[in-house]
Structure formats: structure tokens, C-alpha cells
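Bear in mind that the values in this text are calculations on the coordinates, not laboratory data. Everything numeric here is computed off the predicted structure, so don't read it as measured data. Here Cβ is always computed from backbone atoms with ideal geometry, including for glycine, and neighbour counts include all displayed protein chains.
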């Protein structure tokens with residue numbers, strides 16, 4: 001069974017390995033602890049599938065677990 005999985009999920013086809021070529025990032029900030037982070041747009045798109053068009057989704061803060069909100073800032077950034 002593992003051989004069959006390896007055939008399907010090789011290094012070139014694993015989803016989200018490097019993300020799409022889009023380099024857009026959205027800045028999110030936690031209103032509880034103040035932590036902020038630039039999040040790749042392709043990740044935000046995965047959270048936004050059930051939102052109304054034009055509504056940015058909330059994400060959980062990795063520091064305190066409370067909601068982070070979109071700051072309104074978007075920019076193109078090189079990958080790390």
C-alpha cells in the first residue's frame with residue numbers, strides 16, 4: 001500500500017509544498033496580543049472559500065489562539 005501512495009504523492013505533486021507562484025501577502029494582526037504576520041494570499045484563499053466575496057477571513061493567532069484580523073495591507077513579497 002505504501003508503494004502505491006508513494007507513486008501518487010511524489011515530491012512534485014504534494015499539494016501546498018511551495019504554494020502557488022503568486023507572491024501576494026496580506027498582513028494580519030491579533031487584537032488580543034498584538035502579534036502581526038504577513039500571510040501568503042494563497043493560504044488566505046483557502047480560508048476564504050466559505051466567506052462572502054470581498055470579505056477577508058479571520059485566522060487564529062499562533063501566539064495566543066485568538067482571532068487575527070486583516071489590517072488592509074497587501075504587498076508582493078519574495079519567498080523566504
Identify the single condition in (1) part of a strand (DSSP E or B); (2) surrounded by 12 or more Cβ atoms within 10 Å (Cβ to Cβ) that residue 44 does not satisfy, given that it satisfies every other one.
(1)
Is there any pair linking a residue in the stretch 53-69 that is on the phi < 0 side of the Ramachandran plot and touching a residue at least 40 places away in the same chain (Cβ under 8 Å) to one that is part of a loop (DSSP other than H, G, I, E, B) and surrounded by 14 or more Cβ atoms within 10 Å (Cβ to Cβ), with Cβ under 9 Å and at least six apart or on different chains, and which?
68/35; 68/58; 68/61; 69/56; 69/58
Which of the residues belonging to the stretch 34-45 are within 20 Å of residue 66 (Cβ to Cβ) and within 8 Å of the chain's Cα centre (by Cα)?
39, 43, 44
